Amino acid sequence: MFFFRNGSDSDSSDPFLIEERNDDSENSHNSDFPYHHPHHRHKNHNNNGRYFVLFGIYSLLIVTIVVIRVPNKRNTPTKPSIPREPPPVKVFLMVGQSNMQGHGYIDRVDDDGHYYNGTLPWMVQTYPETYGKLRQPDGNWTIRKDVWVTYNREHYLDVHNHVGQYGPLYPGYGGDPGDQDQQMGPELGFGWTLAESLNGPKQEQQILLLKLAWGGRSLAVNFRPPSSGGTTGLYYEAVIANTYKILAQFGLFFPEFDGRYEMAGLAWHQGWNDGCDVNMTAEYEYNLANFIRDVRRDLNVPQLPVVIAVSGFQGYEPDHGRRDAIVEAQFAVANATKYPEFAGTVQSVDTRGFKRDPLPSSPGTQGYHWNNNCETYWLIGEAMAKSMLQMLSKKQNQDHVHHGVVETKLS
Ligand SMILES: *[C@@H]1O[C@H](CO)[C@@H](O)[C@H](O)[C@H]1NC(C)=O
Ligand SMILES: *[C@@H]1O[C@H](CO)[C@@H](O)[C@H](O)[C@H]1NC(C)=O
Ligand SMILES: *[C@@H]1O[C@H](CO)[C@@H](O)[C@H](O)[C@H]1NC(C)=O
Ligand SMILES: *[C@@H]1O[C@H](CO)[C@@H](O)[C@H](O)[C@H]1NC(C)=O
């Protein structure tokens, strides 16, 4: 198994603690996998690497590839219409550090009981035409059943309990353990914007936001991709392994799930920690490009659309230093002249204009958390979704040119 010492002492009926159940044939020597020997994992990058043996087994046992032909209209005789099954669930990974977790204070009030600027109720009240939809007439937050969320919600020292919260989308999938329902991140604007575009009134396109984020983690060390050399980051490994695990056990969280999903995209919002160190800053672009290549390879989706929300915490005030350099590196990876391999499938979105001043213009003062401003987090999510939709529509056109789309299906 990937993360647990050994399954016997865990309660496998608890969906928060997913046990690995498909490793019967491959379990004799994996109790130390992979975190005690990350070097080995990197070196064993061939078929006798334990890592890839496990992934091979995953793909053989769990994932089968289904190719759906797009019918050629001219040659297709009219047939009695068969009831159409809904499209497979579109899965979006949301990966990063604390700002992907999200630290927007949803409903903080001042001493007089007034909502601070930048809280969600303030947004609804101040811009009802834009955000009124988030609230129901009875005052409850709107729940989007066409968007499912799983959120690891785990302390950065803990990569065991990889689904700490799950359910339909509503405000409250942000923050650290204990912040449930009090903080939000980019998932709210991301999910709403994707769903409004991908779904008509019938809402038959189910979306899954698979959030994997840990506070205070760097790309250079913690998320370090294998292709960058050195020790592969624990959190890189966790992103890949948790994605497979969560999808393999997904029915535990959402019994309505019929087993069909499509890995649709990845959203990345990370960069504070690397910006604290001159050497990590210098290699950020290199590491981010490698991260994209490696995630695509390890998830077996070579053209996976990737959107990067740049780390624009300074707003447009230049710091002439590391923070600017991180933002430049994040933009550079999406520069098609520099990275032709990413053209059309990697985009960076600007976030600097989303910065709001601290209290009292925001509910908080944590500059490294966008002053805890919910509007900022919404705008980041919305911008990432718009970019993602653009890439998806291009991709769809290409798929039609090739007369097929590839789906992955759980058996
Ligand atoms: C609104 O929230 C209240 C309090 O949590 C709850 O009792 C009520 O059932 C909710 N209304 C709806 C329509 O969900
Ligand atoms: C950055 O790298 C240089 C060269 O390897 C090294 O001398 C220096 O100590 C490093 N700086 C930090 C802050 O790690
Ligand atoms: C993209 O990269 C090329 C080559 O490095 C560079 O000349 C160009 O200015 C970059 N474009 C942008 C918009 O930064
Ligand atoms: C708070 O928001 C209101 C609009 O609701 C605005 O008029 C006011 O200037 C804002 N205050 C600060 C300190 O940003």
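Every number in this text was worked out from the coordinates using simple rules, so none of it is lab data. Just so we're clear, the structure is a prediction, and the values are computed from it rather than from any experiment. Every residue, glycine as well, gets a Cβ built from its backbone with ideal geometry; the counts of neighbours run over all protein chains shown.
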Practice task
Return an integer: the convex hull volume of the alpha-carbon atoms of segment 89-410, in Å³ per residue.
Solution key: 138
Handout entry: Value of D in µm² per second that Stokes-Einstein yields for segment 183-270, Kirkwood Rh from Cα pairs, at 4 °C (1.567 mPa s)
Key = 85
Fill in the blank from the handout: HN-Hα couplings for segment 279-294 via Karplus (6.51, -1.76, 1.60; θ = phi - 60°), in whole Hz with x for Gly/Pro, come out as 6, 5, 4, 4, 9, 4, 4, 4, 5, 5, 4, 5, 4, 5, 4, 6
Problem - Relative counts (whole %) of C-alpha pair distances in segment 117-225, using bins that are 5 Å wide - result: 2, 11, 19, 21, 18, 14, 9, 5, 2, 0
Fill in the blank from the handout: The extension gain from residue 181 to residue 352, computed as 0.36 nm times the residue separation minus the Cα-Cα distance, is 58.9 nm
Problem - Net charge of Cβ neighbours under 13 Å - reference residue 126; Lys, Arg +1; Asp, Glu -1 - result: 0
Completion exercise
Least to most buried among 379, 169, by other C-beta atoms within 10 Å and fewest first, runs 379, 169
Handout entry: Whole-Å distance, taken between Cα centres, linking segment 91-122 and segment 272-335
Key = 24
Practice task
Show me 138-150, 277-289 ranked by packing, highest mean number of other Cβ atoms within 10 Å first.
Solution key: 277-289, 138-150
Handout entry: Karplus 3J(HN,Hα) series, Hz, for segment 344-351 with 6.51 cos²θ - 1.76 cosθ + 1.60 (x for Gly, Pro)
Key = x, 10, 10, 10, 10, 10, 6, 10
Completion exercise
Lys and Arg at +1, Asp and Glu at -1: neighbours of residue 284 with Cβ under 13 Å from its Cβ sum to -3
Practice task
Excluding residue 102 itself, calculate the net charge of residues whose Cβ lies under 13 Å from the Cβ of residue 102, where each Lys or Arg counts +1 and each Asp or Glu counts -1.
Solution key: -3
Completion exercise
Under the Karplus relation with 6.51, -1.76 and 1.60 and θ = phi - 60°, whole-Hz ³J(HN,Hα) for segment 99-104, x at Gly and Pro, equal 7, 7, 3, x, 10, x
Completion exercise
Flagged as over-length at 31 Å C-alpha distance, from 245/386; 202/338; 133/245; 245/355; 145/338, the pairs are 202/338; 133/245; 245/355; 145/338
